Structure formats: structure tokens, C-alpha cells
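These notes are about the structure you will find just below.
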Amino acid sequence: MILSLFRKDPLEQPVSAVYKAIVAQSRQERFFRDWGIPDTVQGRFDVLSLHVALVLHRLRDGGEEAKPFSQALFDMFFRDMDRSLRELGVGDLTVPKRIKKMSEMFYGMLGALSEAIASGQVEALKPVLARNLYTDDEPKGVDELASYCARQVGSLRTQQVSNIISGEVRFAAIDGSVADASADEDGGAEGGDA
């Protein structure tokens, strides 16, 4: 009984690998430099949220088998956001309120994104992305970002859920080729500063 307190979570390593891949993909400068997403703490959180949402959307097809992994990925994402806020100097009393607001924003985007993906139309992605990732009324780069998201959805659909929950995920590169972003590098699991 007491030994169970010291056992490692079997999901920790695969979730960490997938989260590292998400962080690596979302840090690409093109999102900010070329596609006009604000290069701010909020903008970086939004791009990271988008990639977490895309992976969680794919894992929905995994049924009961994928639910613990999805929850662990969500938990790791928000632990990382909590850590990042504290590193940025947000006070201990304010962090929970900010995390609650961030999670509400994330769930709103996840729901709208899933609905747009289900439509099968790239055009349906544009208003969701414009509303959730941009501050301008007519965002530059939203067309490219919508096409990019459609490629990611297609790329993730080709990957077995069992592979993703074992820690292997690949994202399509921004230029359209497939990049292996399974993030096998050394480093902490929660290495994504927003």
C-alpha cells in the first residue's frame, strides 16, 4: 500500500514527450513573425493552446483508452502555465484566478475548434482562429494559419492514437512537410514557457 505512493506514473514519460513536441511546434517564429499572432505572453499561450487542442481533438477518437492520457496532457499543460505565471512574477493569490480564466479560454477554443474541424471546411477555422489568436479585426495570416491547422488535423489523423499515447506525435511542418517533433531531447517535461 505505501509503496504505491512512490511508484512513478506510467503516463508521465509519454505525456512529457508529447507535451515537449507540442511546445517545440508552437515556438516556431513563423506564427508570430509571418502570420501576425502577437509575440506576447498571451500570444504564445494561445499558440500553445491551439496545438494542445489539436492533439486533444485527435485523442477524442481514442475512446476510453485515451481519456487518462488526455487528462494527463491537460494537467501537464496547466501545471506548466502555473509555473510560467509564477516565473513571470504573478502573485500567489492571483495565479489560481489567472489559471481559471486561461482554462475557460482554452475550453472555449477547444469547443469552437472541434466544431470547425467537424465541418471539414478550412473556411470554418478562420473565424475561430481570428477570435482566439489575434487582436486585430482583420488579422494578417489567418488564411495561412487555417490552412496550417487543416494540415495538422490531417497529419494527426494519420497517426494511430496508440502511438500518440505511447509518446510519439508528429506535426506537419509549417511549410507543409512532415516534421518529427516527438521531442526526444533532454530537458524537463514542463519546458514550455508561455
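The values are calculated or read from the model by the stated rules, or taken from the named source; none is laboratory data. Since the model is a prediction, treat every value here as computed from it, not as a measurement. As a convention, Cβ positions derive from the backbone with ideal geometry for all residues, glycine included, and neighbour counts pool all protein chains shown.
What to note about this one:
- Any hit, the stretch 30-37, residues being under 18 Å from Cys149 (Cβ atoms), surrounded by 13 or more Cβ atoms within 10 Å (Cβ to Cβ), modelled with pLDDT of 95 or more and touching a His at 6+ places or on another chain (Cβ under 7 Å): no
- Residue within the stretch 60-68 that is touching a residue at least 60 places away in the same chain (Cβ under 8 Å), within 20 Å of Lys126 (Cα to Cα) and of a type in the set (Gly, Ala, Ser) present: no
- Pairing residues of the stretch 129-158 that are more than 14 Å from Asp34 (Cβ to Cβ) with residues that are among the basic types (Lys, Arg) and in a loop (DSSP other than H, G, I, E, B), at Cβ distances under 7 Å and at least 6 apart in sequence or on separate chains, gives Ser155/Arg170.
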